[in-house]
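A short worksheet on the structure shown next.
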Amino acid sequence: DAGVTQSPTHLIKTRGQHVTLRCSPISGHKSVSWYQQVLGQGPQFIFQYYEKEERGRGNFPDRFSARQFPNYSSELNVNALLLGDSALYLCASSRDRGHYEQYFGPGTRLTVT
Amino acid sequence: EDQVTQSPEALRLQEGESSSLNCSYTVSGLRGLFWYRQDPGKGPEFLFTLYSAGEEKEKERLKATLTKKESFLHITAPKPEDSATYLCAVTDTGRRALTFGSGTRLQVQP
């Protein structure tokens, strides 16, 4: 089975621009979570979606939003980019609400200049 | 608020030199403790889940243990390919998001 896939792999944006990151979960997994990882730190939770509904939100500003589609894939959107948004954005999938093990994709490296 | 602290921040071992990584946690109702391995520029790779104090899991040269306050990742006779950052995370009964520590960067020299 294919693992979690993310696109694009790398992205360079300018301050003030908008970005959309995409994620496809492992086949059969219905829950998707997004994390931000800055260099030297562990991943920080941004959002969790299950059955197309937001089930959890971390301490991130409203510039960050996400959604989940009927096929369980997901998008993370970030508006009005700041230099501090430069990070590795990770998507993780889990089977359903009763399973806590999350499997991560390779990430999208976002650089804001 | 859940908190996870990992030590040491970095560890350098000689090939074959066994050691342990520590993960201390504070959580209101532990639902699970997770260990991941992360190679530079890549996503974390799932290793173990531990659910209750006293539980142990093993995989090749790695063994994870759990107490009520901390978890250890024991590495026996490590090889250079074990070099990576090892991340510890917890989730509590109230939510399903993972709270991560900052990781331990392990370097195993031949």
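The values are calculated or read from the model by the stated rules, or taken from the named source; none is laboratory data. Because the structure is predicted, anything quoted here is derived from the model rather than measured. Don't worry about glycine lacking a Cβ; one is built from the backbone with ideal geometry, like all the others, and counts go over all protein chains shown.
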Practice task
Test A:T5 against the stated conditions and say whether it is over 20 Å from A:A80 (Cα atoms) and modelled with pLDDT of 95 or more.
Solution key: yes
Completion exercise
Picked from the range B:8-54 (must be within 11 Å of the chain's Cα centre (by Cα), among the polar types (S, T, N, Q) and more than 9 Å from every other protein chain (Cβ to nearest Cβ)), the residue nearest to B:G103 (Cα to Cα) is B:N22
Exercise for the section: Looking only at the range B:50-58, decide whether some residue is touching a Phe, Trp or Tyr at 6+ places or on another chain (Cβ under 8 Å) and closer than 29 Å to A:T108 by Cβ. Expected result: no
Fill in the blank from the handout: Residues in the range B:79-96 that are of a type in the set (G, A, S) and within 14 Å of A:Q37 (Cβ to Cβ) total 1
Practice task
Output yes when any residue across the range A:44-55 is closer than 28 Å to B:T93 by Cα, more than 12 Å from chain B (Cβ to nearest Cβ) and touching a strand residue (DSSP E or B) at 6+ places or on another chain (Cβ under 6 Å), and no when none is.
Solution key: yes
Handout entry: Test: B:S102 is part of a loop (DSSP other than H, G, I, E, B), on the phi < 0 side of the Ramachandran plot and at pLDDT 95 or above
Key = yes
Practice task
Tell me which residues, restricted to the range A:38-54, are buried (at least 17 other Cβ atoms within 10 Å of the Cβ) and in a strand (DSSP E or B).
Solution key: A:Q44, A:F45, A:I46, A:F47, A:Q48, A:Y49, A:Y50
Practice task
Restricting attention to the range A:43-99, report how many residues are more than 14 Å from A:S31 (Cα to Cα) and in contact with a His (Cβ under 6 Å, 6 or more places away or on another chain).
Solution key: 1
Completion exercise
Of the listed residues (A:L81, A:L11), the one being among the aliphatic types (A, V, I, L, M) and in a strand (DSSP E or B) is A:L11
Exercise for the section: Kindly indicate the residue of the range B:55-110 that is crowded, with 16+ Cβ neighbours inside 10 Å, closer than 25 Å to B:Q14 by Cα and among the polar types (S, T, N, Q) and also farthest from the other protein chains (Cβ to nearest Cβ) among those meeting that condition. Expected result: B:T65
Practice task
Please verify whether the range A:23-37 includes one or more residues that are crowded, with 22+ Cβ neighbours inside 10 Å, in a loop (DSSP other than H, G, I, E, B) and touching a residue at least 24 places away in the same chain (Cβ under 8 Å).
Solution key: yes
Practice task
For the range A:84-113, enumerate the residues that are touching a Leu at 6+ places or on another chain (Cβ under 7 Å), within 16 Å of A:P8 (Cβ to Cβ), within 10 Å of chain B (Cβ to nearest Cβ) and in a loop (DSSP other than H, G, I, E, B).
Solution key: A:G105, A:G107
Handout entry: Unmet criterion (only one of (1) facing another protein chain (nearest Cβ under 10 Å); (2) in contact with a Cys (Cβ under 8 Å, 6 or more places away or on another chain); (3) of a type in the set (V, I, T)) for B:T5
Key = (1)
